[in-house]
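Values in this text are rule-based calculations from the coordinates and carry no lab data. Given the structure is predicted, the values throughout are model-derived calculations rather than measurements. Quick reminder, even Gly has a Cβ in these numbers, built from the backbone with ideal geometry, and neighbours come from all protein chains shown.
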Amino acid sequence: MYPLLIFSLVGWAVIFERLWHFRRLGNDLRAFHLEAINALLRNEREHLRELCKTYSYLPTARLVTTALERLHAKDERLRDRWAEALERRRQLINQDLRKNLWVLGTIGSASPFVGLFGTVVGILQSFHHMAEKGTGGFAVVASGISEALIATAAGIVVAVIAVIAYNAFQTRWSALVLTIKVHTEELAEMLDRTSSSEVPRGA
């Protein structure tokens, strides 16, 4: 039961952390996107930089920062390949958003087996006690077996919670990845249009 208790505590910690993180991202991504679009429409690059610093924890803010650094780089080769650099950074950010989800997947798949192992050990101990006392019959081992079966039940409960949370977060992750992709492409398109009229300078 102790491993299952640890699994449960770790699982709930991951669930609450991801819930807070994804909810915060969902709200702030929209706010940043609207402000960034307005800054680009007014061609206020410095305001956009400040905006990226304010929302530095947002994936789109980090992506825009990467694009601005490349677009204002001294090396022409860096400026010409800014879109490719932006896409590579986006792929890395997508993976970072899945942080700790593997923990829920592992708990969901391993917990039933841990519970079953506890039940088997409990039953073996019950039969061992029965052999030591030299008595037989179901009544002698019934209490021990019933206690051992609690481990299996606990393992199933922990696994069900972890699997449900894992699938829910996977769905939320996919939605966030799509939102970030759409926002990034829109911002990159506007950056590309406005960058041609500016003289590149050191970041």
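Scanning the chain for DSSP H helices at least 27 Å long along the axis (C-alpha atoms) with a Kyte-Doolittle mean no lower than 1.6 picks out nothing.
Please report the net charge: other residues with Cβ closer than 12 Å to the Cβ of Ile37, K and R +1, D and E -1. Every neighbour counted, the sum reads -2.
Close Lys pairs in segment 2-195, defined as Cα atoms under 24 Å apart and 8 or more places apart or on different chains, number 4.
So what is the relative contact order for the chain, in percent, with contacts set as C-alpha pairs under 8 Å and at least six apart?
In percent, rounded to a whole number, it is 32.
At R0 = 45 Å, how high is the FRET efficiency between Glu189 and Val10 if r is their beta carbon distance? Nearest 0.05 is fine. Can you show the working numbers first?
Numbers: r = 42 Å, r/R0 = 0.94.
Efficiency computed from Cβ-Cβ geometry: 0.60.
Here the sum of -39500 (n - 2.57) over DSSP H runs of 4 or more residues, divided by the residues of the chain, equals -30500 deg cm²/dmol at 222 nm, to the nearest 500.
Considering just Cα atoms, how many Å³ per residue does the convex hull of the chain enclose? Working shown, then result.
Values: hull volume 24.3 nm³, N = 203.
Roughly 120 Å³ of hull volume per residue.
I'd like the projected area of segment 61-116, averaged over all directions, using the convex hull of its alpha carbons. Report it in nm² with one decimal.
Values: hull surface 18.9 nm².
That works out to 4.7 nm², a quarter of the Cα hull's surface.
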